[in-house]
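Scroll down for the structure; my scribbles are underneath it.
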Amino acid sequence: MYRLLCSLTLLASAAIGAVASDLKIDVTLPVECDRKTQKGDAIEVHYRGTLAANGNKFDASYDRGTPFGFQLGAGRVIKGWDEGLLDMCIGEKRTLTIPPELGYGNRGMGPIPAGSTLVFETELMGIQGVPKPESIVTKATTSSDESATETGTGTAEKIAQKVEEAAEVIGTILADSDDSQEHNEL
């Protein structure tokens, strides 16, 4: 019975996690390159941050004239940035729509109210140790719809996948238990 309850708790946690992590990445200026950003890279990014609820700007590196530098994937910025700026080329522009769970969550941060969905217009200016290209080569797109992507799959598909994984775990636990006993706990 204890194992079953643990498995159901795992299932519920996985489903909630799948719903909470819908980061939207819209590539507004696709660029071709040989070297894209990777976890651990020191990068420089220009950005403009606004609140999805009302469009109010809360910060912009463009206003300061200096891009923001940090190590990608090291947890030094919000999760939406660590995930949304991966596999990006120098000169590429993206708009990231970041849910609260991948932003500041249920705590306010300066002009950002608690529970806010954030929208960042970003532009990768450089990757430390990677030469800047002499010219930026943009990718040709056939439709603006092709440039909008979401990480992973849709919410329903994520939940279905997690439920399936949890069902496999429960099946394994039940199969590994003593087969000579009946399972009357259900």
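Specify the inter-centroid distance of the range 118-132 and the range 25-75, based on alpha-carbon positions, in whole Å. Cα centres, the range 118-132 to the range 25-75: 6 Å. Here the Karplus curve 6.51 cos²θ - 1.76 cosθ + 1.60, taken at θ = phi - 60°, turns the phi angles of the range 70-78 into couplings of 6, 8, 6, x, 9, x, 8, 10, 5 Hz, with x standing for Gly and Pro.
Amide H contacts under 5 Å for Phe58: Gly49, Thr50, Leu51, restricted to partners 5 or more places along the chain or on a different chain, H placed in the peptide plane at 1.01 Å from N. Divided by 2.2 N^0.38 Å, where N counts the residues, the Cα radius of gyration of the range 58-121 comes to 1.13.
Every number in this text was worked out from the coordinates using simple rules, so none of it is lab data. Every value quoted in this text rests on a predicted model; they were computed, and no experiment measured them.
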